[in-house]
Structures are given as structure tokens and as C-alpha cells.
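Undergrad: For reference, the structure I am asking about is given below.
The values are calculated or read from the model by the stated rules, or taken from the named source; none is laboratory data. Predicted model only: the values in this text are computed from it and were never measured. In this analysis, Cβ positions are derived from the backbone assuming ideal geometry, glycine residues included, and neighbour counts consider all displayed protein chains.
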Amino acid sequence: MSFLLPAALALAAAAIVPLLIHLWRRRLGARIDFPAARYLARAEREHSRRLRLRNLLLMLARVAAVVLLAVAAARPMTKVGRVGHAPTALAIVLDNSMSASLAAGGTTTLARLTDAARRALDALDAGDRVWLITAGGRITAGTPADIRAALDRIEPHAGKPEIGRALSLAREAALTAREHTPSVLALTDGQRSTWQDVGSISGVPLVMLRITPPDSIRNRAVLTALARPRRWLPRGTVDARVTTADSVAYRATLTSAEGVERTLARGVVGPDDAILVGAAPAERGWVTGAVELEPDELRMDDRRWFATWVGERPRVSVDPTAGAFVARAIAVLGDDGRVEAGPGGVLVAGAEGARTAASLLFAPRDPVSLGAANRALAARGIGWRFGSRVDRLEPVRGAGLAGIETSYRYALQPVGAAVAETLATVSGQPWIVAGTDWVLVASPADTAATTLPLRAAFLPWLLDVISQRLAGAPGEVREATPGERIEIPPRAVTLDGSRERLRQAGAATIAAPDRAGGWRWRDDAGNVVGVLLVNPDTAESRLEWMDAATLARSTGARVEEDVTLAVRAALEAPGRRPVGGWLLALAAAALLAELLLAREAGSRERAKPSLAEAA
């Protein structure tokens, strides 16, 4: 016998109450002998054996009733008979993770798994209940016909499989049918990345069917595909990494905002090679692209998406307040064709020269201009101010700024609830902060304040700030796996492929689309404000299987590799039926017996002669 709610057995401790009452009543009253009542004592002695037996039966009936109710509350299950199967609440967990799309012999693993699920549905009786839960955590409840229809619609899930959550949902669903025997049947190929660290479930028997995967398949996959730099002005590079055991053909494509796809490059990549494709596309604005390999048996990871913003080389104007070092650096970048010097575009200036344009702003070189700088920042809408001056030689911590030091700086102080990204720090305090269309540096671009203008890192850093942060439309590229929860960008109100507004009922996140691709975020006016890249989970690309013994040890499941045996185990091998109803009936019988014994004891007490009658 086993129990679905063993904690309820603790209620059996209440059985001590009738026992204590019985023992306490034995000590009630004082013995008084007087001549007129001696014949009553003689009568009591004649009936004492009957009274003791009746009281003992009364106590046993009360104890039995409490114990039976406690055991019934624990929902006991026991084996009774071998004909058919008990009314079963069957939760089917279908592992439709990406590895299930593996094709061999003209059929996929997923097709074999769904066929096994249909075999389980065929074995159900009219009184059984059934649920279907996928590796992505989607649950379908209903009749066997409803589950069959859901099986026809199931596709491989390219996101991170949540098989542990699926098992928990299956357990909870099976336990909701209180008059049925709960059982969970998991159908899987045993992919290691899916089942590692899943653990076991309690209170419900778990049977697992492991479909034997095909042997000797060497999967090829695109593991990464990145646009470098983040924005192309207008030149850039596609950098991709693949896993392959032999040489394989690849193709890099670019898709415009209008959905027009064209090929950037074709080639062949070997086991240890990288794919590097340089491009200067004619498209402008946010574009998406993909790197794809020649199809193999597992096709879902043969293509990976990337995105970038493409624009003209940035126009830059330098205000005299920025200093001579900045002016010379912009001139060098202009000679190299990286930027175009002239009015408009990005402004590089001292903070006292801040205007409404996208701006790279340095602290003022003249301390007298500090007040003017703070007023200009406030007028520009930048929520930061320059505080007191710190004169100390200190290293700078930040990407691309190794070896840079400051001789003096101004403490950057936020105003109110100012929001900004800290790009570099000095002694743990912000040294460079950035907003949507501005970057603020706490030291002037002068060798008396910092070594930045003298270092080789100055030109690359300056170009990165201008081209990747300040030039072109604001926005960013976010990445997710299918179905993953993703934060909604601040200005986004819709996502391509969905007609609903994203922020209904104050939602801050959404589930990424189930299909891989590049999805554009749009604002109220329909302008693209960024891209959401949805790509398969790369952990599933490494095909590595757990054998039946390993699955059994890690999950506590009974693992079968034959469909008939697995279905029989899920429906009949537990062989357990609920016996709580029988225990409740016995508890009711015990309470009835207690009532009859108590009534008989009461009638006998009333039938006793009073002391006056005895006298």
C-alpha cells in the first residue's frame, strides 16, 4: 500500500484522545459505602465484567474511527486484482525538444513519439482522464479525441526544454482527479541536455518510454552568427561559428525591412574554420540576416539569425570647447573615411557647449565654466551634474579603456531618478555615463586630466561612441530562444507578427515567438526601434543520449524501450486503486457502533435506581 498524501497520517495521533478519556473516566468519583446501598454494590459486581467489556468496545470504536479517517485522508492506494486497469488519471509528457526533429529512415523521432502517445490513448477506458504536456510546458486537457487533435498540431520546440516543469505540471494534473489512480507517462529520446539535473517527482508513479535514437549521426549546426560592429556605417562583417565534422556549404543572407531576402555570400566551411563575410549593403535602417548550412538530419539548427542597423557614415561636428585633441582625432577618422566632418549629425563638445543634437560631452577644461556646463546639461535634459573636483591619479575601469588613468575628474552626480548606463568607472564611481542620445565624460579631453587622448585606444573608443551609440536610429538587438520571456524595450508597443499591443494590463515582458527569426519592435508611429532575434537553443545541437539505466537512476522512473510495455506499465503495472472509500465506510461503521454502545450505556444509567429509591 502507498499513500498520495502521507502527511495526513499525522492526524492518526488524535486517536490518543479517546484512550485518555477512557483512562480518565476510570478515576472519576469516590467510593462510598452505606448500609442502604450495599445491595447496589453487589449488583455492580455482578455486572462489572459486562461494563468493562462495553467500555473497552466503546474506546476501540472511537480509536478505530479516528485512525480510519486519518488513513483515508492520506489517500491510500493498493493493488487489487489484475483484470483491466483501475480508473486512471494519465498525464502524458511529450518531449518535443529540438532533438526530436531528428530524421532517420524517412521519419522523425517526434513522429515516433506522437505515435506512442496515440497507442497510450487507445488503451484508455471511458472512465479514464488524460492530459498532454509538452517540453515547452504547454498543457492540453480534454477527451482522448482532444489530445489526438493536439498531437496532430505538435511541432518540435526549438527553445530551451523545460522538462522538469513539464513533469511537475503532469504530477499536479494527475492528482486533481481524486477518484482515479494518478500516473505519468513520459515519451522521450533521452537527449542528455534535456534530462540532466531534472530529478524525480513524488506521489505519482513515473513511467518513461525511451525511443532509441538512430546511430552514427554527426550533426552540423550554426552556433553563433553576429553582426560586427553592432551598427554598419555602412560597412560591416558577419562573424559565424559552426560545428561540423566535415566540410559543408554555407550561405549568408540579408533581409530588408520590406522582407526582401538576398544572398550576401556563399562558400564552404570546414571543421575548424570560421565564417567571416564582409558587406556594405545598399539597405538602410534595421535589417536582419541569417547564416545557414546545407541541410542535414537535424534541420532546426542549420540556420541562425543576426541583425544590424545600416546607415551612412556619421556626420560629426566638433565644438571648440572639446579641445584640440578631439578635433585632430575626428580629422584622422574623416581622412580614413570612417566619419564625415561637417555641421549636423553628432556633436562632440565640452559640456558647456551642449545642444539638442546627439552629443559626446566632456567635462569643461576651465573650472570657471563648471556652472555653465551644469546649466547646459539641465537645458539639454541630461539628468547628471558635475560635482566637486577629485585630484588623484586613478586607473579607469571600462571596456576598451585598459591602461587609461585620470589625474583629475569631477564627481558625476545624478539628478532625481536619472537613468543612464555606466560605461566606465574610477574608484567605483561613474566616469563615463550614457543615455539614449548622449555620452558624458567626467574629465576633459586634455592630457592634464587623463591619459586617454595619448593612448592608442582613443581613436577606436571615439569611433565606437560616435558610430555605435550616437549615430543613427536608437534601439538595440535582443536575443532569446523560442518561448523565452523577454523584457519589452521602453519605446516598443508592437512586435512584428502580432497585432496586439504589447503593454496591455501593464505587462513588462512577453514570450518570444515560437518560430526562429528576426522580429522588429515598433513604436506608436510604426517605426522600428530594435530587433528581437529568436534562435534555437544550442545545447540541443550536441546530440548525446542517456541510456535507459541512466534515465532510471536520475529520475526514479521505470524506463521501457518498448511502446506496449511502457503503456501497460503506465496503466496497469502500478495496479493501484484508491481504497479511501472503503476506509471511510469502515470509519462510519465504527462511529455507528460507538453511537449504539454509547446509547446503550446511557439507557442503562437512566435505568439505575436513585439513592432515595435504594433507601
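Undergrad: Taking the stretch 266-277, which residues are farther than 23 Å from residue 531 by Cα and part of a strand (DSSP E or B)?
TA: Correct list: 266, 267, 268, 269, 274.
Undergrad: Could you tell me whether any residue of the stretch 80-95 is surrounded by fewer than 18 Cβ atoms within 10 Å (Cβ to Cβ) and under 29 Å from the mean Cα position of the chain (by Cα)?
TA: Among the residues of the stretch 80-95, not one is surrounded by fewer than 18 Cβ atoms within 10 Å (Cβ to Cβ) and under 29 Å from the mean Cα position of the chain (by Cα), which makes the answer no.
Undergrad: Looking at residue 129, is it surrounded by fewer than 17 Cβ atoms within 10 Å (Cβ to Cβ), within 21 Å of residue 205 (Cα to Cα), at pLDDT 90 or above and out of contact with any Asp or Glu (no Cβ under 8 Å at 6 or more places or on another chain)?
TA: no
Undergrad: Further question on the same structure: Of the conditions (1) part of a loop (DSSP other than H, G, I, E, B); (2) surrounded by 15 or more Cβ atoms within 10 Å (Cβ to Cβ); (3) acidic (Asp, Glu), residue 352 satisfies every one except a single condition; which number is it?
TA: Only one criterion in (1) part of a loop (DSSP other than H, G, I, E, B); (2) surrounded by 15 or more Cβ atoms within 10 Å (Cβ to Cβ); (3) acidic (Asp, Glu) is unmet by residue 352, namely (1).
Undergrad: Something else about it: Which residue, of 457, 448, is surrounded by fewer than 14 Cβ atoms within 10 Å (Cβ to Cβ), closer than 30 Å to residue 367 by Cα and modelled with pLDDT of 85 or more?
TA: Within the list 457, 448, the selection yields 448.
Undergrad: Within the bounds of the stretch 182-201, is there any residue that is over 21 Å from the mean Cα position of the chain (by Cα), over 24 Å from residue 534 (Cα atoms) and surrounded by fewer than 17 Cβ atoms within 10 Å (Cβ to Cβ)?
TA: Checked against the condition, which is being over 21 Å from the mean Cα position of the chain (by Cα), over 24 Å from residue 534 (Cα atoms) and surrounded by fewer than 17 Cβ atoms within 10 Å (Cβ to Cβ), the stretch 182-201 yields no hits at all.
Undergrad: Let me ask something else. Within the set of pairs 6 or more residues apart or between chains, which connect a residue that is outside the structural domain of residue 156 (by TED's automatic domain parsing) and assigned to a strand (DSSP E or B) inside the stretch 278-304 to a residue that is crowded, with 24+ Cβ neighbours inside 10 Å and of a type in the set (D, E, K, R) with Cβ atoms less than 9 Å apart?
TA: Going by the 9 Å Cβ cut-off, the qualifying pairs are 290/304; 291/304; 292/304; 293/301.
Undergrad: Given (1) free of Cβ contacts under 8 Å to residues at least 60 places away in the same chain; (2) under 35 Å from the mean Cα position of the chain (by Cα); (3) surrounded by 20 or more Cβ atoms within 10 Å (Cβ to Cβ); (4) part of a strand (DSSP E or B), identify the lone condition not met by residue 479.
TA: (3)
Undergrad: Could I ask something else about it? Restrict the check to the stretch 191-205 and report whether at least one residue is under 29 Å from residue 473 (Cβ atoms) and either charged (D, E, K, R) or not in a loop (DSSP other than H, G, I, E, B) (or both).
TA: Within the stretch 191-205, not a single residue is under 29 Å from residue 473 (Cβ atoms) and either charged (D, E, K, R) or not in a loop (DSSP other than H, G, I, E, B) (or both).
Undergrad: Can you tell me which residue in the stretch 206-226 is nearest to residue 570 (Cα to Cα), limited to those that are in contact with a strand residue (DSSP E or B) (Cβ under 6 Å, 6 or more places away or on another chain) and surrounded by fewer than 22 Cβ atoms within 10 Å (Cβ to Cβ)?
TA: For the stretch 206-226, the residue satisfying everything is 213.
Undergrad: Taking the condition of being more than 29 Å from the chain's Cα centre (by Cα) and surrounded by fewer than 24 Cβ atoms within 10 Å (Cβ to Cβ), how many residues in the stretch 296-315 meet it?
TA: Matching residues across the stretch 296-315 total 7.
Undergrad: Condition (residue is of a type in the set (Ser, Thr, Tyr) and in a helix (DSSP H, G or I)) applied to the stretch 170-182: is it met by at least one residue?
TA: The answer is yes, given that some residue of the stretch 170-182 is of a type in the set (Ser, Thr, Tyr) and in a helix (DSSP H, G or I).
Undergrad: Which numbered condition trips up residue 341, out of (1) hydrophobic (A, V, I, L, M, F, W, C); (2) at pLDDT below 95; (3) out of contact with any helix residue (DSSP H, G or I) (no Cβ under 7 Å at 6 or more places or on another chain)?
TA: (3)
Undergrad: Of the residues 289, 236, which single one is touching a Phe, Trp or Tyr at 6+ places or on another chain (Cβ under 9 Å), under 29 Å from residue 474 (Cβ atoms) and buried (at least 16 other Cβ atoms within 10 Å of the Cβ)?
TA: Testing whether each residue is touching a Phe, Trp or Tyr at 6+ places or on another chain (Cβ under 9 Å), under 29 Å from residue 474 (Cβ atoms) and buried (at least 16 other Cβ atoms within 10 Å of the Cβ) leaves just 289.
Undergrad: Which condition number in (1) over 38 Å from the mean Cα position of the chain (by Cα); (2) hydrophobic (A, V, I, L, M, F, W, C); (3) part of a loop (DSSP other than H, G, I, E, B) is the one that residue 473 fails?
TA: Against the list (1) over 38 Å from the mean Cα position of the chain (by Cα); (2) hydrophobic (A, V, I, L, M, F, W, C); (3) part of a loop (DSSP other than H, G, I, E, B), residue 473 comes up short only on (1).
Undergrad: Basic (Lys, Arg), farther than 24 Å from residue 369 by Cβ and assigned by TED's automatic domain parsing to the domain that holds residue 326 - does that describe any residue in the stretch 400-413?
TA: Within the stretch 400-413 (the criterion being basic (Lys, Arg), farther than 24 Å from residue 369 by Cβ and assigned by TED's automatic domain parsing to the domain that holds residue 326), the answer is no, since none of the residues qualifies.
Undergrad: Between residues in the stretch 96-118 that are closer than 12 Å to residue 214 by Cα and residues that are modelled with pLDDT under 95 and of a type in the set (Asp, Glu), which pairs lie under 8 Å by C-beta distance while being six or more apart or on different chains?
TA: Cβ pairs passing all conditions: 99/189; 99/540; 100/189; 102/189; 102/297; 103/297; 104/297; 109/189.
Undergrad: Checking residue 582 against (1) of a type outside the set (A, V, I, L, M); (2) at pLDDT below 85; (3) buried (at least 16 other Cβ atoms within 10 Å of the Cβ), which test does it fail?
TA: Just one mismatch for residue 582, condition (3).
Undergrad: Let me ask something else about it. So, of the residues in the stretch 429-444 that are at pLDDT 95 or above and not in a strand (DSSP E or B), which turns out to be surrounded by the most Cβ atoms within 10 Å (Cβ to Cβ)?
TA: Filtering first and then ranking leaves 442.
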